[in-house]
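*Asks:* This structure is in structure tokens; I'll ask about it shortly.
None of the figures in this text is laboratory data; all of them are computed from the coordinates on show. In this text the structure is predicted, and so the values were computed from the model without any measurement. Note that each Cβ is placed from the backbone with ideal geometry, even for glycine, and that neighbours are counted across all protein chains shown.
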Amino acid sequence: MTELFNQKLQTPLRKKLRKDNPSAEYLLWMYLRKKQLDFRFRRQFGIGTFVVDFYCPKAKLVIEVDGDTHYQKQTPDQYDVERQRYIESKGLKVLRFTNLDVYRNIEGVIQVIRDNLPPAPSLVRRGRDAQE
């Protein structure tokens, strides 16, 4: 059976992408890292043969930051359409933002991400307290 996540063949590519992070992705990462939204996000994460910008396993949420080449076109190219279709076929939700969204409205981007996360694990009551 083929691995779905982080295939070994992609390791060098994922490392390179993390090292050469575009500034918009780096800025967003500063808000996502270290469970600042109560969920762990991974960056440059492999899903099938694709590498996504950010992935939250518990929320099954993929976040893509589209660079200059993406928003110069009127419509998404066939590769992006097929890629998103494949990712969604695995039961994952995809949120897309442009570099400009991140630069000009990072708080709005973070709010959209929060709105697409389930209730925070730290807010879920456990044990005897949950039964009361």
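*Asks:* So what's the projected area for the stretch 8-117, the Cα convex hull averaged over all directions, in nm²?
*Replies:* Average of the hull's projected areas for the stretch 8-117 equals 6.9 nm².
*Asks:* Indicate the gyration tensor shape class of the stretch 4-64 (rounded, prolate or oblate), computed on the Cα atoms with a ≥ b ≥ c the square roots of the eigenvalues: a/c under 1.5 is rounded; otherwise a/b larger than b/c is prolate and the rest oblate.
*Replies:* Oblate is the answer for the stretch 4-64, as a/c is 1.5 or above yet b/c matches or exceeds a/b.
*Asks:* Which FRET efficiency value, to the nearest 0.05, is calculated for Tyr79 and Ile110 with the Förster distance at 41 angstrom and r the Cβ-Cβ distance?
*Replies:* Taking R0 as 41 Å, the efficiency between Tyr79 and Ile110 is 0.90.
*Asks:* Distance check, please: which entries in Lys35/Lys60; Lys34/Lys60; Lys8/Lys90; Lys19/Lys58; Lys35/Lys58; Lys58/Lys90 exceed 22 angstrom between their Cα atoms?
*Replies:* Lys19/Lys58
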